[in-house]
Amino acid sequence: MKASLRHYLFGKEVRSEAPLEEKDITSLVLRALEIKERLRSSPLDRIIAVLDRAGRRWADKSYGPRKKALAMMPLLTGFHPTMVERALETLAALLSRSELEKKVATELGTPGALDRWVRNGPTSVLVKALPLGLVLHVSAGNVFIGGIDSLVHGLLTKNVNILKFSGDDPLFPLLFAESLREVDDEGLVSGSFSLLSFRGGERAVEEALKKACDAVVVWGGEKAVEAYRSDLPLSCELVSYGPKYSLALVTRRGLTLRPLKEICRALALDVAMWEQRACSSPQVLYVEAKPQGAVFLKFLSALEEALARISRELPQGELTMDEEIELLKYRERAVFASLLGEGRAAFPAGGTEYTVIVEHDPAFTCSPLNRCLIVKPYSRWEEVRRALLPVGKRLQTVSFLGTGEELQRVAYDLCALGATRVTGLGRAHIGEKGAPHDGSWQLARLVRWAAIESEELASLVPEEEGSHDRALGELLHYAQAHSPYYREKLKDLAWPAVPFLERSDIYLNSPPKGTGLLTGSLEGASVFASGGSTGAPKFCIYGHGEFDEVAGVLAEVYRIAGITARDVVANLFMAGNLWTSFLAANGALEKIGSVTLPIAGNADLELIISYLDLFRPTALIGLPSVIIQLAEALEKRSRPLELKTILYGGEHLSDEVKEYLRKVFSAGNIMSAGYASVDAGPVGYQCPHCTGSVHHLLTEYQVLEVIDPETGGTAAPGVTGELVITNLKRRLMPVIRYRTGDAGRLIEGQCPCGRSDGLFELMGRCDDVVRVGTVSIYPDEIEHHLAAFPAVSHLFQIVAKSAARKDHLVIRVESRLDEAKDQRYLAGTIRRAILEGHGELAEALREKWLGSLSVEIVPKGSLPRVARTGKIKKVLDLRRHDNV
């Protein structure tokens with residue numbers, strides 16, 4: 001009885017007794033056309049989420065398809081079960097969100113370009129990466145996860161994909177498709193590709209696929225590449241990864257850099273992995289040594305021992321009869337050559353687990369594979385270089401051990417010949433993050449780029465319809481799946497019933513207190529401090545890619561505010577102390593391409609002035625208190641600094657102070673550097689039409705809610721309430737419905753600038769914290785200090801004022817006595833205690849970022865109470881809230 005063929009057609013496995021025909025391909029292509037648009041318009045994050053969930057299943061040793069693969073793949077591929085297990089571990093790692101996101105960022109270079117129009121670096125051009133369309137992947141049979149890797153590349157670039165099975169492996173692609181179906185409720189990913197089983201050389205099927213597809217990715221030998229190159233229509237791109245050779249090279253000095261046993265173990269691992277079937281596996285080893293010298297003979301002995309040892313740790317699979325015959329022929333020729341004094345052969349009697357053949361001819365020789373390493377001693381590098389000339393264009397990986405000086409020469413010469421990769425011994429089988437494959441970025445070959453080149457048009461590009469809601473839905477799904485904190489908080493809840501994220505939640509669920517908010521490990525992340533509560537800061541975690549995206553968002557904010565690549569910009573935000581602003585601002589300026597002066601506002605004032613004198617910036621960016629202090633110092637000089645732009649952030653800035661800065665610096669453009677926080681990230685930006693504290697919302701990056709304090713529901717436009725933020729992009733530490741403590745209101749109507757991003761106005765603080773100068777003051781801090789003085793009550797009020805262009809702080813506290821006496825001495829003692837316990841406040845006074853701090857002891861019962869509740873308003877901000 002004839003065995004049926006198994007295919008997988010866009011989400012459904014089918015069996016057929018008859019081979020594929022041209023009409024089957026026509027039907028398949030029509031289905032692919034229906035899928036193209038749905039996949040192209042779906043957020044990449046949804047695709048990555050499905051792949052990540054599948055990867056987690058493959059990492060589970062009890063997972064059914066994994067157990068089936070472990071049982072069947074040794075029989076189908078000849079790999080030992082231990083090798084198959086390593087392959088499955090590699091697959092699970094490749095499918096992890098962190099690896100997939102790094103791959104996209106590295107290989108496409110412009111985060112978000114697959115989802116939307118994004119600015120291309122420091123230019124005015126918007127670019128978008130578009131899928132090629134329908135892509136055929138022709139997999140090779142050497143490493144069974146290779147075809148899946150190629151398919152994943154197609155999915156990451158939003159292509160509709162067809163994978164041709166390797167004849168050696170009719171099972172694993174179907175198991176992988178099954179795993180995707182299990183974790184893909186919507187069928188977005190599992191329904192966007194097909195797996196076809198047909199023999200190579202079935203011309204009618206191959207020709208139909210060539211005509212229908214937009215690209216063909218071919219992995220394999222020359223015959224396979226040439227078969228698909230032949231008669232390929234101009235409308236179809238060929239992406240070929242043909243046969244490659246790899247080698248290892250150890251110099252004389254390299255042999256002295258590490259213990260001989262360690263060197264040989266690294267070589268043995270590279271030789272054993274994938275039984276040398278992978279293009280990256282070394283077939284030839286060049287060693288700088290005398291063929292009959294003691295050093296070389298000792299090295300060979302250690303290498304044989306290492307290969308024997310690795311065969312016990314990573315056993316060899318069962319060889320076919322053809323493979324055994326080929327290996328036997330090589331061994332016999334090597335034995336004969338050794339009798340003539342032209343080489344040497346070493347292998348275990350009656351076993352195939354390793355073969356070492358020594359040849360004196362430096363010409364590259366192809367190995368029969370299956371752990372057969374050809375060793376070639378050499379005396380001069382030039383001999384090796386000349387010997388490799390004929391195979392230069394087929395070289396891929398060079399595993400190297402030598403000095404830095406030797407590496408420079410070897411890497412230059414071999415890469416000039418055609419090699420595309422130089423790595424360390426023992427790492428040939430490991431693809432490093434951020435490295436191209438065979439001289440190109442795999443994802444980049446599966447997209448085409450489009451551009452909007454007019455700045456005027458670029459500013460009018462709206463967000464793609466529906467993408468905001470999809471991004472929010474994906475964020476909630478991901479947070480609930482991966483964060484212990486959100487797993488409970490989001491259970492059975494739909495937006496907007498999701499509970500608020502409080503400051504205390506961040507404190508208790510982020511390191512070092514806990515990890516509940518995190519969705520992964522701290523590897524590849526930065527830790528930033530948030531909040532000003534003395535002795536108890538909370539910490540926020542950003543993945544390196546996430547923080548780079550923050551810099552990208554701020555770059556766009558600064559561009560809109562007037563910063564260009566032609567500007568010289570002094571960064572006067574505060575540096576150090578786990579703060580974000582200085583680093584984020586510097587990263588943004590680098591992306592714009594400005595000349596950057598990373599001075600920092602906490603540098604010595606005279607040093608700041610000296611740098612400004614030397615480099616004469618056209619723009620300043622920093623905290624208002626620092627910029628004001630600088631202005632006051634420069635006002636006394638005969639040659640004040642002239643600036644085009646001042647961008648400020650983190651503090652209040654009144655119209656009075658803006659006018660003062662315009663006078664001192666002759667600055668025509670004074671704007672917000674953006675509304676942002678460490679916890680939430682960038683939230684809003686100002687365009688030239690925004691006045692006071694009005695900002696545009698960064699719609700693609702944040703969800704903004706204004707919560708009515710009376711009803712607890714969403715406030716109507718124009719009604720002031722608390723700003724609640726949801727960051728759509730952060731994944732390592734999701735921030736969902738975070739209570740900022742800032743007050744604001746939504747503004748109806750469109751800005752005259754034409755941007756579709758909505759408008760909101762900041763109205764100051766609505767919680768019990770006030771920021772004066774560069775310092776956040778919390779009532780519990782003040783209460784802690786007052787507790788040491790029995791003569792005063794726990795009833796107090798923090799008052800922020802503004803005078804002479806500075807913030808001033810007054811602590812009013814009620815006396816416990818019925819009759820108030822002269823309390824100046826006690827007030828001074830309390831003031832000293834507050835400054836001794838609050839280093840940031842003392843520094844702000846010392847550096848004159850804060851105008852003054854005073855303590856007033858007032859009669860018992862004299863602080864004003866709120867009529868409705870009888871409570872004292874602990875924070876009273878008497879400054880004008882023109883900006884935050």
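Of note:
- Net length gained if the chain between Asp613 and Ala804 were fully extended (0.36 nm per residue, minus Cα distance): 66.2 nm
- Segment 633-742, relative contact order in percent, only Cα pairs under 8 angstrom and at least six apart counted: 17
- Candidates per trypsin sites (Lys or Arg not before Pro) in segment 370-408, loop by DSSP, up to 10 other Cβ within 10 Å: Arg380
- Loop-located trypsin sites (Lys or Arg not before Pro) in segment 513-609 whose Cβ has at most 16 other Cβ within 10 Å (DSSP): Lys513, Arg566
- Trp449 sits with roughly 110 Å² accessible to a 1.4 Å probe, with DNA, RNA and ligands left out of the calculation.
- DSSP beta bridges confined to segment 82-201 are antiparallel in about 25 percent of cases.
- Spin-label model, Leu522 to Lys211: label points 7 Å out along the Cα-to-beta-carbon direction sit 6.1 nm apart.
- Of all DSSP beta bridges confined to the chain, the antiparallel ones make up roughly 50%.
- Fraction of beta bridges assigned by DSSP in segment 137-239 that are antiparallel (%, nearest 5): 10
- Backbone amide hydrogens, once placed in the peptide plane, bring Ile872 within less than 5 Å of Val866, excluding anything fewer than 5 places away on its chain.
- Rounded Å value of the spacing that divides the Cα centres of segment 787-841 and segment 666-730: 33
- Relative contact order, percent, segment 503-630 [alpha-carbon distance under 8 Å, six or more residues apart]: 22
- Computed in the context of the full set of protein chains, the accessible area of the chain at 1.4 Å probe radius has 53% of its extent on carbon or sulfur.
- Prolate/oblate/rounded label for segment 506-592 (Cα gyration tensor, a/c 1.5): prolate
- Near the amide H of Ser194, within less than 5 Å, lie the amide hydrogens of Phe10, Asn161, Ile162, Leu163, all on another chain or at least 5 residues away, with H placed in the peptide plane.
- Using the Cβ-Cβ distance between Arg831 and Asp708 with R0 set to 41 Å, the FRET efficiency from 1/(1 + (r/R0)^6) comes to roughly 0.60.
- For segment 523-529, 3J(HN,Hα) computed residue by residue from phi via the Karplus equation (6.51, -1.76, 1.60; θ = phi - 60°) reads 4, x, 10, 10, 10, 10, 8 Hz, glycine and proline entered as x.
- In the context of the full set of protein chains, the chain has a per residue accessible area of 43 Å² (1.4 Å probe).
- Taking each of Lys261/Lys433; Lys103/Lys158; Lys67/Lys223; Lys658/Lys801; Lys658/Lys806 in turn, the alpha-carbon distance tops 23 angstrom for Lys261/Lys433; Lys67/Lys223.
- Once backbone amide H atoms are built at 1.01 Å from N, Tyr286 has Ala248, Leu249, Val250, Lys376 as its partners under 5 Å, excluding neighbours fewer than 5 places away on the same chain.
- Span from the segment 242-319 Cα centroid across to the segment 366-424 one, whole angstrom: 14
- Segment Lys636-Ser504, length gained on full extension (0.36 nm per residue, minus Cα span): 42.9 nm
- Relative contact order computed over the chain (Cα-Cα under 8 Å; 6+ residues apart), in percent: 8
- Cα gyration tensor shape of segment 551-668, rounded if a/c is under 1.5, else prolate or oblate by comparing a/b with b/c: rounded
- Applied to segment 282-294, the Karplus parametrisation 6.51 cos²θ - 1.76 cosθ + 1.60 on θ = phi - 60° returns per-residue 3J(HN,Hα) values of x, 9, 10, 10, 9, 10, 7, 6, 6, x, 10, x, 5 Hz, with x for Gly and Pro.
- Karplus-derived HN-Hα couplings along segment 773-788 (A = 6.51, B = -1.76, C = 1.60, θ = phi - 60°), whole Hz, x at Gly and Pro: x, 10, 10, 8, 10, 10, x, 5, 5, 5, 4, 4, 5, 5, 4, 7
The values are calculated or read from the model by the stated rules, or taken from the named source; none is laboratory data. From a predicted model like this one, the values you see are computed outputs, not experimental measurements. As a convention, Cβ positions derive from the backbone with ideal geometry for all residues, glycine included, and neighbour counts pool all protein chains shown. Ligands, DNA and RNA are stripped out before the accessible areas are found, and what is left, the full protein with its side chains, is counted by its heavy atoms. Shrake-Rupley method; radii C 1.70, N 1.55, O 1.52, S 1.80 Å.
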